[in-house]
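Inspection log for the structure reproduced underneath, given as structure tokens.
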There are 2 protein chains.
Amino acid sequence: MVSTHPLVVPSPAPSGRRLSAEDRERQIVEGAIAYFAEVGLDGQTRELARRLGIAQPLLFRYFPTKAALIERIYEEVYLKRWDAGWEATVRDASLPCLERFRRFEIDYQRTIDNYAWLRIFVSAGLKGFDLPSRYLGMVRARIFTPLLTDMRAESQLPSPEEQPLAADEYELLFGIHGALVYVGLRSLVYGIDGGVDRDAVRAAMLDAALPGLLATHRRVVGAAMPPAAGRAP
Amino acid sequence: MVSTHPLVVPSPAPSGRRLSAEDRERQIVEGAIAYFAEVGLDGQTRELARRLGIAQPLLFRYFPTKAALIERIYEEVYLKRWDAGWEATVRDASLPCLERFRRFEIDYQRTIDNYAWLRIFVSAGLKGFDLPSRYLGMVRARIFTPLLTDMRAESQLPSPEEQPLAADEYELLFGIHGALVYVGLRSLVYGIDGGVDRDAVRAAMLDAALPGLLATHRRVVGAAMPPAAGRAP
DNA sequence: GCCTCTCTTGAGCGAACGATCAACAAGGGC
DNA sequence: GCCCTTGTTGATCGTTCGCTCAAGAGAGGC
């Protein structure tokens, strides 16, 4: 039976019908972020539409393909939430490097300690998309490189031009960074709440880790010094 | 050259046909671990069978459902690789607590710094399975709890019976732990190789983080002391 | 050689997937 | 009131999903 429907039920969709294209698109993007964060990027367009209270083909009116919608999510969640202030903070010569690093991390973690941010990030990594590596490449190049450069100067060590920044030096920052990120991963990806105040936990971690950072940095750079420049005393 | 037979390739499948049930089952489990680690737990049984060089229905001869196969992977990768020696190490009274923690982490990280281990763990977390939370609950209960208990004693602090272990104390260990795990995540989940020796990086992180740990622990426990017991000097 | 046991496969089922298309319907201009 | 633009939907296509089933095929006992 094919019956091209005589009567027709108007629509069971509870969502406000007939939105402007702009509003509908924003609604779809925000719904997609919440939905794909919850179920992973393998989530189904039908279920997404059902949650939005719209028909599934409407998604394809606003985004030609599911991949295009996901690409839009990347822009919305990662590129758009990148704060240019972070790059200014870590270059702020009026502050000691440790304080710059602390302020950057507190701000940065507040941005990424977010259900959608962390889960879509990890999901993209698992699916082999290059978003995570590109994003962390930005952190490395735009945040850690200027920070390490000024840490060299602050400790009266050779500049990166004289002695290139070593992988070990980046790992110093990534180590602390990773400990802070892991706090959110445990809660939002692994599902262990613990009931702790994650911001407070991270502040305590920074208090514990930062005081020794400069000394460790000097030791790492000193160990990598070329013989002609002499060893640490 | 392999030539166990004169001419003629017996089958397009590179996998030896007509294996014993035991061998076939092991082959399927190992193939499934590698495959689902690569593509995530949403991977398809047809593609898994193709990679194994067998027909897809054969999978269902050995595992009644895809979920059962995944459950088997959990046992194989997580429960079976849990090393009872870890629990012995952190209780070894002949070593200082910091050295026990170091030895545990070095061993533990060597186990989990593994493509399949980390990626399936994260994938399970995203899909809402309770494996990650249960597993980290084991680490907390069987490793961190005895360790913190002995750290209390080593620092002449009240025992957990007098003053229960606080969430902050667990976070001290999880902080260092998380920094070490993140080294592997960056490489094996996010796809940033960096070309560093991850074992060496983690050893350096432990060298940087452990010396201050006991002092921080005393400070954390002191701050949580009941007023009657007095404050830190 | 033949039978039997069991490992293995091709064909296929029902459901769900992303994506398409023609038809419907809510506004705004006139 | 009418028309035209445009947001929206039901029906449906081709494919792929997990899973089933009857038939094929290799190894060992006799």
In degrees from 0 to 90, rounded to the nearest 10, what is the angle of the helix A:21-39 Cα long axis to the longest principal axis of chain A?
70 degrees
Under a straight-distance cross-link criterion of Cα-Cα below 13 Å, which aspartates and glutamates are reachable from A:K80, leaving out those fewer than 8 residues away in the same chain?
A:E71
For B:R119, what is the net charge nearby, where nearby means another residue's Cβ is under 14 Å from its Cβ and Lys, Arg count +1, Asp, Glu -1?
0
Once Rh for the protein assembly as shown is found with the Kirkwood sum over Cα pairs, what is the Stokes-Einstein diffusion coefficient at 37 °C and 0.692 mPa s, in µm²/s?
129 µm²/s
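Rounded to the nearest 500, what is the 222 nm mean residue ellipticity of chain A from helices alone, with -39500 (n - 2.57) per DSSP H run of 4+ residues and division by all residues? If you can, show how the numbers build up before the last one.
Numbers: 12 runs with 140 residues, N = 233.
Helix contribution divided over all residues of chain A: -18500 deg cm²/dmol.
Starting from the residue with the highest accessible area, list B:R18, A:R219, A:R142 in decreasing order, probe 1.4 Å.
Ranked from most to least accessible, the order is B:R18, A:R219, A:R142.
Mind checking the per residue accessible area of the range B:113-233 for me, 1.4 Å probe, whole number of Å²?
Details: 4990 Å² over 121 residues.
Roughly 41 Å² per residue, with all protein chains present.
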Place the label 7 angstrom along Cα→C-beta at A:E38 and in each other copy, then list the distances from the first to the rest in nm, shortest first.
3.3
At B:L210, with labels set 7 Å past Cα in the Cβ direction, how many nm apart are the copies from this one, shortest first?
2.6
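Using only alpha carbon positions, build the gyration tensor of the range B:21-77, then give the equivalent ellipsoid semi-axes as the square roots of 5 times its eigenvalues, largest first, whole angstrom.
Working: eigenvalues 41, 35, 23 Å².
They are 14, 13, 11 Å, listed largest first.
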B:T65 accessible area, nearest 10 Å², 1.4 Å probe?
60 Å²
Please work out whether the range B:82-229 counts as rounded, prolate or oblate from its C-alpha gyration tensor, where a ≥ b ≥ c are the square roots of the eigenvalues and a/c under 1.5 means rounded, while otherwise a/b larger than b/c means prolate and anything else oblate?
prolate
If the reach is capped at under 16 angstrom between alpha carbons, list the lysines near B:K66, excluding any in the same chain fewer than eight residues apart.
B:K127
Mind listing the label-point distances from A:G53 to the same position on all other copies, shortest first, one decimal in nm, points 7 Å along Cα→Cβ?
5.7
For the pair B and A, the solvent-accessible area buried on both sides (1.4 Å probe; DNA, RNA and ligands excluded), in Å² to the nearest hundred, is 2900 Å²
Residues of the range B:108-131 losing 40 Å² or more of accessible area relative to the isolated chain, 1.4 Å probe, heavy atoms only?
B:R119, B:V122, B:L126
Length-normalised contact order of chain B in % [C-alpha pairs under 8 Å, at least 6 apart]
17 percent
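Using a 1.4 Å probe on the protein heavy atoms, what percent of the accessible area of chain B belongs to carbon and sulfur?
About 54 percent, which is the carbon plus sulfur part of the accessible surface.
Please get the size of the charge dipole for the range A:21-77, origin at its Cα centre, with Cβ charges of +1 on Lys and Arg and -1 on Asp and Glu, quoted in debye to the nearest 20. Mind dumping the intermediate values first?
Details: 8 positive and 10 negative charges, 60 e Å.
The dipole of the range A:21-77 has a size of about 280 debye.
The values are calculated or read from the model by the stated rules, or taken from the named source; none is laboratory data. From a predicted model like this one, the values you see are computed outputs, not experimental measurements. Cβ: placed from backbone, ideal geometry, glycine included. Neighbour counts: every protein chain shown. Remember, those area values only see protein heavy atoms, side chains included, never the ligands or the DNA or RNA. Shrake-Rupley method; radii C 1.70, N 1.55, O 1.52, S 1.80 Å.
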